[in-house]
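Report on the following structure.
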Amino acid sequence: MRIGELAARAGTTTRTLRYYETRGLLPARRSGNGYRSYDEGDLRLLRQIRTLQDFGFDLEETRPFVECLRAGHPEGDSCPASLAVYRRKLDELDALIGELAAVRAKVGEQLARAESARERLAAEAEVPGGPEPECELGGAGL
């Protein structure tokens, strides 16, 4: 198949395919008339790359999976290098989850503090001579 058909079937652009070609991820085969020529194996490579990118892998991280497919493995993730990339990505995701959990805990603490302060102000406002709570936007009252 030619580059336009491959791009359409893979859900990408011809420009992206040319870029992958320059990065060595997609083979640069030419037919007798000089047109780029691709086959079903190339479509499988592209689908593997796209799936991994959808999962957050950068383009260079897809290389071991592409090489695994090219080596004849039916799945691009069964080679040792692919497994190593999976492990690194899981470690990266675990670290991000930890960071997000810490941020969530801090936001939860801030919310609890703010709600407590609001309740104190509301209670003091009900005491004669107590302060009148003000809205963050500058208006009086709750």
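The values are calculated or read from the model by the stated rules, or taken from the named source; none is laboratory data. These numbers come from a predicted model, not from an experiment. Note: ideal-geometry Cβ built from the backbone for every residue, glycine included; neighbour counts use all protein chains shown. All accessible areas refer to the heavy atoms of the entire protein, side chains included, with ligands and DNA or RNA removed. Shrake-Rupley method; radii C 1.70, N 1.55, O 1.52, S 1.80 Å.
Averaged over its residues, the chain has an accessible area of 68 Å² per residue, based on protein heavy atoms and a 1.4 Å probe.
Distance from the Cα centroid of the stretch 1-52 to that of the stretch 72-111 is 29 Å (rounded to whole angstrom). With a cut-off of 13 Å between beta carbons, the residues surrounding Leu59 carry a summed charge of -2, where Lys and Arg count +1 and Asp and Glu -1.
So, with a 1.4 angstrom probe, what is the percent of accessible area on the chain that is carbon and sulfur? Write out the running numbers ahead of the final one.
Values: 5280 of 9590 Å².
Exposed carbon and sulfur together represent 55 percent of the surface.
Take every pair of alpha-carbon atoms less than 8 Å apart whose residues are at least six positions apart; their mean separation over the length of the chain yields a relative contact order of 11 percent.
Peptides 4-16, 57-69, 105-117, 29-41 ordered by packing proxy, namely the average of other Cβ atoms within 10 Å per residue, highest first: 57-69, 4-16, 29-41, 105-117.
Using R0 = 41 Å, the C-beta based FRET efficiency linking Leu96 and Arg29 works out to 0.55.
Would the chain count as rounded, prolate or oblate if I go by the C-alpha gyration tensor, calling it rounded below 1.5 in a/c and otherwise prolate when a/b exceeds b/c, oblate otherwise?
On the way: a/c = 6.50, a/b = 2.96, b/c = 2.19.
Because a/c hits 1.5 or more and a/b exceeds b/c, the chain counts as prolate.
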